[in-house]
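The block underneath contains the structure these notes are about, expressed in structure tokens.
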Amino acid sequence: MLSFLISFILLFTTTTNATITTSERLREALATATTQRFKEAPKFYNSPSCPDLNNHEHTAVAMCSDEAVHVAMTLDAAYLRGSMAAILSVLQHSSCPENVIFHFVSSSSTSNSQLLQQIIATSFPYLKFRVYPFDDSAVAGLISTSIRSALDCPLNYARNYLANILPTCVRRVVYLDSDLILVDDISKLASTPLGPTQVLAAPEYCNANFSSYFTPTFWSNPTLSLTFENRKACYFNTGVMVIDLDKWRSGGYTERIVEWMELQKRMRIYELGSLPPFLLVFAGNIAAVDHRWNQHGLGGDNFRGLCRDLHPGPVSLLHWSGKGKPWVRLDANRPCPLDALWGPYDLLQTPFALES
């Protein structure tokens, strides 16, 4: 629990002062979250060809509709500004924005979950959404320290448990990180076909050095090194995924991921947070998605967060994975060129706008 609090506080602290106590840092972080004010987003309407989900008498029926596009995201104070921009971008570029249903997962150990829900409802009064509590204790004991403290936050592992958290009537979901924007219709991504044995879809990057995601201990073990035998395993980024929750539930994939995390606690087989367990379970057996749907790495590496260019090819989704986040760099007046593409989706009220 202490490691989570420290990670949470560091997300809001740009200086390190040894005289500031952990509790003072926590109060500063929560104060930052509660003083942020966001503009109300415009309402977006369905095109004439869209199914009408608004004719359901009960909201619960619409929340389970297979005709809707279900989007899952985590929700916390640290990345709230990014989440707001991501939501706006999804709605703005959707052909059926009234049929997009958001499922937000928020930590049950923090006291600001209700505040976050209120902020979403105020800025998006027409949004169909639900907030689900995530019990940090379910994963806190399984987290191993990684190369960046933000990656060790328990909420970063909530994607492992989506099939347990979301209602069983939700059969397919698009999982999105909070540091991205879409510039294309999300229904195209959501409709990605999955093969009979494929549980998820994501862009694959087979030119990446796959072996570097695991330690020499892993590769030197005669049993573990056979994990990817007969699998054309490639790196994929877990910040953008289409998941068949029915297959996930029936196949017990949460338990499979947890087994690898338990092994990691006994012998260090990987370094990078929540990604490697997904690779261990799924790499080599996912439905490939065009790279346009995850132009990732725009936040630079996990150490310095330096500026990066787009990968060659068309773009449907821009993803600031890595240390550098566009809202942080814009506020510091040190933006990267591509951060200007994120700016138009920023709903934060500036001090000048508040005064006027």
If you wrap a convex hull around the C-alpha atoms of the range 200-269 and split its volume per residue, what is the figure in Å³?
-> 112 Å³
Given 5 Å bins starting at zero, what is the percent of C-alpha pairs of the range 285-330 in each, up to the one with the largest pair distance?
-> 6, 22, 26, 20, 15, 8, 2, 1
Backbone HN-Hα couplings from phi across the range 68-74 [Karplus 6.51/-1.76/1.60, Hz, Gly and Pro as x] | 7, 9, 8, 10, 10, 9, 7
Kindly report the accessible area of the range 193-281 per residue (heavy atoms of protein chains, probe 1.4 Å, no ligands, DNA or RNA), in Å².
-> 45 Å²
Carbon/sulfur fraction of accessible area - the range 36-136, other protein chains in place, 1.4 Å, % = 48 percent
Carbon/sulfur fraction of accessible area - the range 246-346, other protein chains in place, 1.4 Å, % = 53 percent
On the full set of protein chains, 1.4 Å probe, figure out the accessible area of Tyr132 and give it in Å² to the nearest 10.
-> 20 Å²
Ranked output for segments 210-221, 179-190 by mean other Cβ atoms within 10 Å, highest leading, reads 179-190, 210-221
What ratio of Cα Rg to 2.2 N^0.38 Å holds for the range 40-177?
-> 1.09
What order do you get for 115-122, 200-207 when each peptide is scored by the mean count of other beta carbon atoms within 10 Å, highest first?
-> 200-207, 115-122
Where N is the number of residues in the range 187-241, Cα Rg divided by 2.2 N^0.38 Å = 1.39
Per-peptide average of other Cβ atoms within 10 Å, ordering 226-238, 66-78, 284-296 highest first = 66-78, 284-296, 226-238
Obtain the nm distance between the two label points defined at Thr197 and Asp135 by a simple spin-label model: each point lies 7 Å from its Cα along the Cα-to-C-beta direction.
-> 3.4 nm
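The values are calculated or read from the model by the stated rules, or taken from the named source; none is laboratory data. What you see is a predicted model; the values in this text were computed from it and never measured. Reconstructed Cβ throughout: ideal geometry from the backbone, glycine too, with neighbour counts over all protein chains shown. Ligands, DNA and RNA are stripped out before the accessible areas are found, and what is left, the full protein with its side chains, is counted by its heavy atoms. Shrake-Rupley method; radii C 1.70, N 1.55, O 1.52, S 1.80 Å.
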